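Notes to accompany the following structure.
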Amino acid sequence: MQFIRSHVLVCGGTGCMSSGSRQVQANLEGEIARRGLGGEVRVVQTGCHGFCEMGPLVIIYPEGVFYVSVKAEDVPEIVENHLYKGRIVERLLYREPLSQERIPSYDEINFYKKQRRVILKNCGRINPDDINEYIAAGGYEALGKALTLMTPAAVVEEVKKSGLRGRGGAGFPTGMKWQFARQSPGEKKYIVCNADEGDPGAFMDRSVLEGDPHRIIEGMAVCGYAIGADEGYIYVRAEYPLAIKRLRTAIAQAEEMGFLGKDIFGSGFAFSLHIKEGAGAFVCGEETALLQSIEGKRGMPRPRPPFPAVSGLWGKPTNINNVETFANILPIIVDGGEKYAEIGTEKSKGTKIFALTGKINNTGLAEVPMGIAMREIIYDIGGGIVGGKKFKAVQIGGPSGGCLPEEMLDLTIDYDSLTAAGAMMGSGGLVVMDETTCMVDVAKFFLTFTQSESCGKCTPCREGTKRMLEILTRITDGEGRDGDIALLEDLARGIKQTALCGLGQTAPNPVLSTLKYFRHEYEAHIKDHVCPAGACANLTGYTITDGCRGCGMCKKACPVGAIAGEIKQRHTINHSVCIKCGACESQCPFKAIRKGA
Ligand SMILES: Cc1cc2nc3c(=O)[nH]c(=O)nc-3n(C[C@H](O)[C@H](O)[C@H](O)COP(=O)(O)O)c2cc1C
Ligand code: SF4
Ligand code: SF4
Ligand code: FES
């Protein structure tokens, strides 16, 4: 029998591939073979670990040593020192951003320590192209158990007991959804997996598909059995070529092993899967638009009811769930719904994957238990704000979400508290902003996105978002008018109440939440013609701070006489006269003048 003493895991996710992991892997294989270690050291390509910014990542087991930013040229040193002489290559270890300490082991890194990796358990640990590794990690046990030991109704009950809510955005109880589709009369039914993942910055679904594709296949097959469907579609955006490739391989392997096809586990249950590539329109993530797109029509939402559970794909009862929702099915069936429900809060069970981006030290994917405080995600897992700057806001829930201020940092993350605070769980985008971010500009950024992605079918969304965007643009250009805030609020209310689909109904959220928590910034833009963050080009006003010693240098430098003040007393700027030339800032010997209000 062959004895493998070391496994070298090379990340083969999209992030690491684009930073050169393919060459790192090739060099590792070559160097290991050259030194005659091929019989005792195995190189394995895995999916994403969620820490893509540190890639390419290489982890060596059994020690669990975690090497970051590995280059092809580093390979001889890793092989010589780590694999040959048993010495860790210190310079390639991860360095904690705050303490600057080098951390050798994966489990000791703050980014991973507070995570609870249930859904991402296999991502980065198994070879996604090898069904045997998935099976060895407990894969297809849920399907086997469901088909051989449970009735379809019992499967639905178990999912209901788990309290799982849809991870695609709205948080609808999954067990109820399955029950509706199961109760819908019809010989032919479909299962659809929504892998459109259109939120800017979100990549949790892509990571699961790339790193653990069989988990989605298994979740869908269990759902097919529960509701009485024999066919399913995975709708995945064409911009995810690696996820599509791995899914295709996984489907072929599952068919060959008999986990897809006819008479699965000798139970008489048949289930087959197809992949449909989406062309990247955000609105095609909306379930009714997505179904139209699978049917080969233009992806445009339609009114509900009828809901897909009654009339979905080609008019047949259809159950549609998000990738992460299906990824939760395995532990629910294997360990039971009650066990699953031990994680989380009363009304939000299980874990949630967030994509941490923006001005945060550790960007990447973090899976956390529901009920964790925002502060823990941003400071303990995310490592705090880049450059030690001051935290200003976190935008949560993607373009349909909201911006929460510092006072909300202790808010616990669950569906209901986020909605009550004016944000939403969405698909799990979490963008951190520091003091240099203008909140009006942020609202404009998200509205620009939703406006350009509006399908145009209904007037409130098509025209209303355009008007809102015009107002935001003139405010950030320094041409805001009295009454603009009230107009924005009016339009937002109207669009939310009358737009046909979730895109329009949620598009005003970033504007409403920034108005709720950062209204003074809108007022400063409109009334004082100043962008407090110093971010809007036309409004980069200047402020004289407490550091002013009253030397008068700025007053002398100002070409338009906008500065007033007596010698040895703090000076002030008249913003209605100031032409924002910056001369005062560069002349102040005490650095007491800064951009912004
Ligand atoms: C504009 C828009 C885009 C959406 N995009 C996605 C998406 O990319 N992925 C997703 O799972 N759900 C998306 N949804 C939500 C879906 O309509 C649907 O609620 C979801 O797929 C249901 O699955 P779940 O119950 O598992 O969450 C989107 C909704 C809207 C209104
Ligand atoms: S709300 Fe917007 S995206 Fe949705 S149907 Fe209407 S126009 Fe299209
Ligand atoms: S920015 Fe220019 S115009 Fe404005 S106060 Fe300073 S020196 Fe005067
Ligand atoms: S792709 Fe390697 S950590 Fe994400």
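The values are calculated or read from the model by the stated rules, or taken from the named source; none is laboratory data. Predicted, not measured: the structure shown is a model, and the values here were computed from it. Cβ coordinates were reconstructed from backbone atoms using ideal geometry, including for glycine residues, and neighbour counts include every protein chain displayed. Areas reflect the complete protein model, heavy atoms only, side chains present, ligands, DNA and RNA absent. Shrake-Rupley method; radii C 1.70, N 1.55, O 1.52, S 1.80 Å.
What to note about this one:
- Qualifying residue in the stretch 15-24 (condition: away from ligand 2 (no atom under 16 Å from the Cβ), open to solvent by 40 Å² or more (accessible area, probe 1.4 Å) and more than 28 Å from Leu356 (Cα to Cα)): no
- Test for Ile320: is it away from ligand 2 (no atom under 16 Å from the Cβ), in contact (Cβ under 8 Å) with a residue 60 or more places away in the chain and open to solvent by 20 Å² or more (accessible area, probe 1.4 Å): no
- Any hit, the stretch 209-226, residues being open to solvent by 10 Å² or more (accessible area, probe 1.4 Å) and touching a residue at least 60 places away in the same chain (Cβ under 8 Å): yes
- Candidates Glu73, Glu31, Glu40, Glu63 - the one that is touching a Lys or Arg at 6+ places or on another chain (Cβ under 8 Å) and without any contact (Cβ under 8 Å) to a residue 60 or more places away in the chain: Glu40
- Residues located in the stretch 271-288, provided they are aliphatic (A, V, I, L, M) and either open to solvent by less than 20 Å² (accessible area, probe 1.4 Å) or in a loop (DSSP other than H, G, I, E, B) (or both): Leu273, Ala279, Ala281, Val283
- If you go through the stretch 382-397 and keep only what is hydrophobic (A, V, I, L, M, F, W, C) and under 15 Å from the mean Cα position of the chain (by Cα), you end up with Val394, Ile396.
- Of all residues making up the stretch 6-33, the number that are in a helix (DSSP H, G or I), hydrophobic (A, V, I, L, M, F, W, C) and under 21 Å from Tyr134 (Cβ atoms): 2
- Of all residues making up the stretch 484-499, the number that are open to solvent by less than 70 Å² (accessible area, probe 1.4 Å) and touching a helix residue (DSSP H, G or I) at 6+ places or on another chain (Cβ under 7 Å): 9
- The stretch 479-491 residues that are within 19 Å of Leu539 (Cα to Cα) and of a type in the set (D, E, K, R), paired with ones that are open to solvent by 60 Å² or more (accessible area, probe 1.4 Å) and not in a loop (DSSP other than H, G, I, E, B) (beta carbon under 7 Å, 6 or more apart): none
- The number of residues in the stretch 227-241 being in contact with a helix residue (DSSP H, G or I) (Cβ under 7 Å, 6 or more places away or on another chain), open to solvent by 10 Å² or more (accessible area, probe 1.4 Å) and in a strand (DSSP E or B) comes to 1.
- Those residues of the stretch 330-384 which are of a type in the set (Ser, Thr, Tyr) and under 20 Å from Ser99 (Cα atoms), in sequence order: Thr363, Tyr379
- Answer residue from the stretch 392-414, given it is of a type outside the set (A, V, I, L, M) and open to solvent by 10 Å² or more (accessible area, probe 1.4 Å) and is nearest to Val440 (Cα to Cα) among those: Lys392
- Matching entry among Glu338, Glu346, Glu342, Glu367 (being among the charged types (D, E, K, R), touching a strand residue (DSSP E or B) at 6+ places or on another chain (Cβ under 6 Å) and more than 28 Å from Thr476 (Cα to Cα)): Glu367
- Matching residues in the stretch 49-95 - criterion: being more than 16 Å from ligand 4 (Cβ to nearest atom) and of a type in the set (Lys, Arg): Lys85, Arg87, Arg91, Arg95
- Selection within the stretch 303-317 - loosely packed, with under 14 Cβ neighbours inside 10 Å and over 30 Å from the mean Cα position of the chain (by Cα): Trp314, Gly315
- Evaluation of Lys347 against the conditions (1) out of contact with any Pro (no Cβ under 6 Å at 6 or more places or on another chain); (2) surrounded by 18 or more Cβ atoms within 10 Å (Cβ to Cβ) shows that the sole unmet condition is (2).
- In the condition set (1) surrounded by 24 or more Cβ atoms within 10 Å (Cβ to Cβ); (2) more than 16 Å from ligand 4 (Cβ to nearest atom); (3) under 20 Å from Ala243 (Cβ atoms), Leu291 is compliant with all but (3).
- All helices (runs of 4 or more DSSP H) inside the stretch 415-478 with 3 or more residues being open to solvent by less than 10 Å² (accessible area, probe 1.4 Å), at pLDDT below 95 and more than 12 Å from Gly402 (Cα to Cα): none
- When every residue of the stretch 193-212 is checked against the conditions, at least one turns out to be among the β-branched types (Val, Ile, Thr) and part of a helix (DSSP H, G or I).
- Count of the stretch 545-594 residues, restricted to those that are open to solvent by 50 Å² or more (accessible area, probe 1.4 Å), of a type outside the set (Ser, Thr, Tyr) and not in a helix (DSSP H, G or I), is 22.
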